[in-house]
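The values are calculated or read from the model by the stated rules, or taken from the named source; none is laboratory data. Please read all numbers here as calculations on a predicted model, not as lab measurements. Virtual Cβ from ideal backbone geometry, glycine too; neighbours counted across all protein chains shown.
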Amino acid sequence: MKNSHFFSNLPSWPEGLQDAALARVSTNGWNTNSLKAAADDVGLDWLVAQAYWPLGCVSLLQRVEQEWQDRFAALASALDLSGMGTTARVRALVLARLEMLAPQYRLLQQLVQAAVRQPRLAWQMQQGLWQASSQLWYLAGDRATDHNWYSKRALLAAVYSSTMMYWLRQDGQPGDAVGQGQAGNQGGAGITASVAAYLDRRLAEVHKIPKIKEKILTPFTKALTMLGEKFTHLTESQLRDQSDKP
């Protein structure tokens, strides 16, 4: 019968449920106990609460990552990236996204720790990093549709994730803030000059990749060309020999 299932007529998310869940996982880790405590915080029965988190903490992370994507799209639209080259735009966007996430510093630290022990959570975290990298490239003006679409995002995913890990290791250490935002009531470090410098080093390494590829591939290409020319010459000689035979 239509709508007969217990969960089919669930209302929209109870007020305060997600905020309670994020506060709990930031303090107590990404685990079922944190979700149960969050449900208790808002007076929601755990059986009902599970309908909102069918995959447990993975469901919570999926929802949060989508909200971060939506929020950053709105935030980036207000940034003035005109007159910047591609690398400068990517740099500005990466720093802006980390600045946006600064209030979630402790939550992200707990996420990294939990991902080591929970493969499904680690997989979802990787998905989120890939989606973030794709969005960063798109907002930077990239409209590639060929194989470069994948290679660019793979490179930026490596740069973005390593910069985020470097930032999460700062743990509130003092430094000169790059952005205007500050870590929120969940504590943590703002985006300091050292984080920006780390990002600059990673971006500089990416610029070296085409040169490395050229250094490796050019001799290989020349060797193939010479081999092809030699093969063509031998083939033509054989054909002439065959035609000279009676």
So, in segment 67-84, of the ones that are among the aliphatic types (A, V, I, L, M) and part of a loop (DSSP other than H, G, I, E, B), which residue ends up surrounded by the most Cβ atoms within 10 Å (Cβ to Cβ)?
-> L81
Residue among R91, R106, R97, R63 that is part of a helix (DSSP H, G or I) and over 27 Å from T192 (Cβ atoms) = R63
Among the residues of segment 121-132, is any part of a loop (DSSP other than H, G, I, E, B) and modelled with pLDDT under 95?
-> no
Within segment 24-45, how many residues are assigned to a loop (DSSP other than H, G, I, E, B) and either surrounded by 14 or more Cβ atoms within 10 Å (Cβ to Cβ) or among the polar types (S, T, N, Q) (or both)?
-> 5
Going by the structure shown, is V48 surrounded by 15 or more Cβ atoms within 10 Å (Cβ to Cβ), among the β-branched types (V, I, T) and part of a helix (DSSP H, G or I)?
-> no
Pairs only if they're at least six apart or on different chains, beta carbon under 7 angstrom, first in segment 115-137 and of a type in the set (S, T, Y), second surrounded by 16 or more Cβ atoms within 10 Å (Cβ to Cβ); list them, first residue then second.
-> S133/R153; S133/L156; S133/A157; S133/Y160; S134/R153
